[in-house]
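Notes for the one structure printed next.
The values are calculated or read from the model by the stated rules, or taken from the named source; none is laboratory data. None of these values were measured; they are calculated from a predicted model. Because the Cβ atoms are built from the backbone with ideal geometry, glycine has one as well, and the counts that use them run over all protein chains shown.
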Amino acid sequence: MSSIALDKARVHQVLTPEGLSLPFVVGSAGDRISAFVLDTVLIVLVTIGLQLLGVALAVLGLPEIGFSFALLVGFLLWNFYFIYFEAHRGGVTYGKRKAELRVISRGGGPLTAEAVVARNLMRNLELQLPLLVLLAPDQMLPEAPVWGRLIAAVWLMAFAFMPLFNQDRLRCGDLVAGTIVVKAPAAVLLGDLTERGMPPRPAERPAARPAARWTPPPPKPALAPEPVAEEFPFTRQQLDIYGIHELQVLEDLLRRDDQGTLDGRILEDVCDKIKTKIDWPRERWDVPHRRFLDAFYRAQRARLEQKMLFGQRQERKKG
């Protein structure tokens, strides 16, 4: 997303363990409503299908099994749909994927199962209770006077509309679980740094040359093995630790370093953390950190692309 778009949107800064501040655009109320509606429609359609299956089994002479199965699966679906997909799909449900949204931790750490359960258990207070009070006040508050029902309805609706009253669009579940819903960036492998035309460092920029007549470029020779691969022989076990997210973070760090907008101490700290994480030999510890990170980036990208060819997509680091 461009910087202009970020300026116009509400941005939430997340500090990664590598010391890099990453901007995330907070999901708008409209996007969140559309995602919830899509998820609800999907749940309703599956529930109807389960009911039809129960009717079919009843016609075949198995009414107890059919309706018990439909009731059990319907209960699990309505109560654990959001928990399952957000916990096992990186904070993304079907509706959130269509709306390009994702649930993340506000503190920059991994999205834990405990946080997912906490934020979704609050949905009863935020949605179901207000709906029941509005649709069936006599059953919910049979002995309360009219003014009492009105106060209860207003109080419960405040929970339902809480995302509209804070700049990060946090609902009660987000406040309890420490989560936030953001626009999900496309998780794709970016091109090699040397292939994307990165600008040279400020001290290495060539002097301007007069315009020359264009001539077709000569054919590219076959790529020879890079000596850096022999200098830093990473193993598969070392490269399998990190995922696509960490690769993108590392690319952004290297790019900012080339543009002269990154504190060199941050790059050195990241290098030391990677070496520690992959158990880099201590006798080879004192190597130029930028040369090490360039080599690790190329090797990591090649490894992730190789795994994706076999249908193995690793989003984040292990452990």
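Miscellaneous remarks
- For beta carbons closer than 7 Å, sequence separation of 6+ or different chains, a first residue in the stretch 277-292 that is assigned by TED's automatic domain parsing to the domain that holds D258 and a second that is not in a helix (DSSP H, G or I), the qualifying pairs are K277/I241; I278/I241; F292/F232.
- Some residue of the stretch 106-117 being within 20 Å of D39 (Cα to Cα), outside the structural domain of Q314 (by TED's automatic domain parsing) and of a type in the set (V, I, T): yes
- Of the helices (runs of 4 or more DSSP H) lying entirely inside the stretch 22-131, those containing at least 1 residues that are in contact with a helix residue (DSSP H, G or I) (Cβ under 9 Å, 6 or more places away or on another chain), over 30 Å from K318 (Cα atoms) and at pLDDT 90 or above are 29-59.
- The set of residues in the stretch 30-54 being over 16 Å from the mean Cα position of the chain (by Cα), surrounded by 13 or more Cβ atoms within 10 Å (Cβ to Cβ) and of a type in the set (A, V, I, L, M) consists of I33, L38, L42, I43, V46, L50, L53.
- Answer residue from the stretch 72-113, given it is basic (K, R) and over 22 Å from T47 (Cβ atoms) and is surrounded by the most Cβ atoms within 10 Å (Cβ to Cβ) among those: R102
- Counted residues, the stretch 78-135 - those being touching a Phe, Trp or Tyr at 6+ places or on another chain (Cβ under 6 Å) and aliphatic (A, V, I, L, M): 1
- Residue list for the stretch 1-21, restricted to those being at pLDDT 75 or above, surrounded by 12 or more Cβ atoms within 10 Å (Cβ to Cβ) and either touching a Gly at 6+ places or on another chain (Cβ under 8 Å) or not charged (D, E, K, R) (or both): V11, H12
- Qualifying residue in the stretch 265-274 (condition: among the hydrophobic types (A, V, I, L, M, F, W, C) and more than 23 Å from Q237 (Cβ to Cβ)): yes
- Residue that is farthest from V287 (Cα to Cα), among those in the stretch 237-271 that are free of Cβ contacts under 8 Å to residues at least 12 places away in the same chain and in contact with a helix residue (DSSP H, G or I) (Cβ under 8 Å, 6 or more places away or on another chain): L262
- Those residues of the stretch 150-177 which are farther than 17 Å from V26 by Cβ and among the small types (G, A, S), in sequence order: A152, A153, A158, A160
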